[in-house]
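The values are calculated or read from the model by the stated rules, or taken from the named source; none is laboratory data. A quick note: this is a predicted structure, and the numbers were derived from the prediction, not measured. Because the Cβ atoms are built from the backbone with ideal geometry, glycine has one as well, and the counts that use them run over all protein chains shown. In case anyone asks, the SASA skips ligands and DNA or RNA and just uses the protein heavy atoms, side chains included. Shrake-Rupley method; radii C 1.70, N 1.55, O 1.52, S 1.80 Å.
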Amino acid sequence: MTTHLRLPLPKPLQELFHPPPTPGVLGVFQYLDATLDAIKKLRAAGHTDFTVYAPIPRHEIEDALGQAVSPVRMFTLIGGIAGCAIGAWLTLWMSADWPIVVGGKPVGSIPPYVVIMFEMTILFGALSTILGIAFNALFAARRLGTVAYDPRFTNDKFGIFVPSEPARAGQVESLLRGAGAEEVRRA
């Protein structure tokens, strides 16, 4: 029989990956229309930071949330531009360092180096995309497990979790019930 020894995380890592739970209200909805109505009412009431759960991706929910596009694409763009510049610099530097004049062609001719520049663009763009995803996931890990969740959201129900202080939780509960939530609970 083997026993597994589980070592606790050091304090800074414990705080980073296991933050305290977020207080708030969780509403469970059966229909997409009721969920969209609740999103509109929440936004009209001034709530901007809430989490919506759906069993399948729905463009109606994305449109109603009006969230900004992920910043990962900026990491990709910057990495791709840097890769292209480094590919150009690398090939031109190597040609200048060891010049081989063939058929009177210029040493720093760009057309043969386009392939290297393209490949470096792809390489650096892909690596910076991975770094961007990891960077954003690290900051998202601060909320991992801190918002209320229900397993029914992966099957047939929609859910909205609204972080709120206990003083404003009653207002959020009544708003979610008024929008057609079949179940509302504090988390």
Considering each of R186, R177, R152 in turn, give the residue that is closer than 19 Å to D49 by Cβ, basic (K, R) and surrounded by fewer than 16 Cβ atoms within 10 Å (Cβ to Cβ). R186
Just one of (1) among the small types (G, A, S); (2) more than 30 Å from P71 (Cα to Cα); (3) modelled with pLDDT of 85 or more; (4) open to solvent by less than 50 Å² (accessible area, probe 1.4 Å) trips up G108, so point out which. (3)
Checklist (1) open to solvent by less than 90 Å² (accessible area, probe 1.4 Å); (2) under 21 Å from F161 (Cβ atoms); (3) part of a helix (DSSP H, G or I) applied to D63, failing item: (1)
Taking the stated definitions as given, is G159 outside any helix (DSSP H, G or I) and at pLDDT below 90? no
Can you pull out every residue in segment 21-45 that is in a loop (DSSP other than H, G, I, E, B) and within 23 Å of the chain's Cα centre (by Cα)? P21, T22, P23
Screening G125, G132 for residues that are within 15 Å of the chain's Cα centre (by Cα) and either open to solvent by less than 70 Å² (accessible area, probe 1.4 Å) or among the charged types (D, E, K, R) (or both) leaves only G132
